[in-house]
Amino acid sequence: MNTVTTRDGVDIFFQDWGPKDAQPVVFHHGWPLSSDDWDAQMLFFVRKGFRVIAHDRRGHGRSSHVADGHDMDHYAADAAAVMEHLDLRNAVHIGHSTGGGEVTAYVARYGQPAGRVAKAVLIGAVPPIMVKTPANPGGLPIEVFDGLRAQLAANRSQFYLDLPTGPFYGFNRDGAKAIPGTIQNWWRQGMAGNAKAHYEGIKAFSETDFTEDLKKIEVPVLVMHGDDDQIVPIADAGELSWKLVKNGELKVYKGFPHGMCTTHADVINADLLAFIQR
């Protein structure tokens with residue numbers, strides 16, 4: 001397997017396809033999934049001649065199922081270990097949901113000083129901060145995330161069927177047609193990970209404040225968000241993040257769900273390619 005060992009001894013699995021001298025496009029997956037969630041994007045971009053890379057976050061997929069380090073500081077450092085191992089330069093980093101938080105932290109803290117990052121894309125991403133606080137009155141109440149933790153602890157397998165069957169892909173909306181294979185693939189990726197990593201990851205994606213990281217990003221940033229995102233509501237996420245970066249653009253997708261990279265891959269892929277090729 002393609003792995004890199006971090007400074008604290010964690011093996012991070014990654015996929016690396018395409019010509020080694022082509023521009024890298026790096027994908028950062030959402031919670032509680034793996035790099036396999038980017039199949040539609042990786043196949044599209046490798047056929048366009050790019051080098052495509054995606055890794056499994058610690059505790060997720062095929063990376064080490066360690067007990068500790070399930071926080072955004074470690075996630076960003078782990079991503080940096082992969083980028084340094086592959087010596088990627090001029091890369092475009094694309095993150096979905098929790099992966100968007102990872103991209104934000106990685107670019108701000110590791111990628112820009114080394115000249116490793118050309119552009120960044122945040123898709124249905126969790127920044128600036130999801131949870132409601134005095135400084136973030138539009139956020140979701142902590143009880144929402146406590147509920148996620150309770151469902152995970154009670155029956156993770158059923159929880160990982162309920163989320164993709166319902167709000168994640170918008171299959172709970174009137175007239176929506178559920179796709180069994182998509183639901184089963186979500187479940188498969190989720191159950192391949194570590195329950196403790198996923199439980200603690202809820203705090204990482206919901207309570208991390210990315211405001212200062214966003215302000216540090218100098219490279220162009222495309223923020224893509226569906227206005228029917230039931231997991232990461234756009235008003236307190238995408239609509240705020242693009243204003244905090246120095247060179248940002250917001251693209252809103254009418255009626256698109258949180259999992260739009262899968263349900264509307266043709267639209268998302270075309271817009272990603274246009275942004276990369278500018």
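Every read-out reported here was derived from the displayed coordinates using simple, explicitly stated rules and does not represent laboratory data. In this text the structure is predicted, and so the values were computed from the model without any measurement. Cβ: placed from backbone, ideal geometry, glycine included. Neighbour counts: every protein chain shown.
Ordered by the count of other Cβ atoms within 10 Å of each Cβ, fewest first, 27, 44 give 44, 27.
The ranking of 121, 82 from fewest to most other beta carbons within 10 Å of each one's beta carbon is 82, 121. Pairwise Cα distances in the range 3-276 exceed 23 Å in 48 percent of cases. Based on the alpha-carbon gyration tensor of the range 169-278 and its eigenvalue square roots a ≥ b ≥ c, which shape applies: rounded if a/c is under 1.5, prolate if not and a/b is larger than b/c, or oblate? Since a/c reaches 1.5 but b/c is at least a/b, the shape of the range 169-278 is classed as oblate. The range 138-163 and the range 13-61 have Cα centres separated by 27 Å. Taking amide H positions as modeled 1.01 Å from N, with prolines and chain starts lacking one, the residues under 5 Å from residue 28 and 5 or more places away or on another chain are 94, 95, 96. Residue order for 239, 212, fewest other beta carbons within 10 angstrom first, comes to 212, 239.
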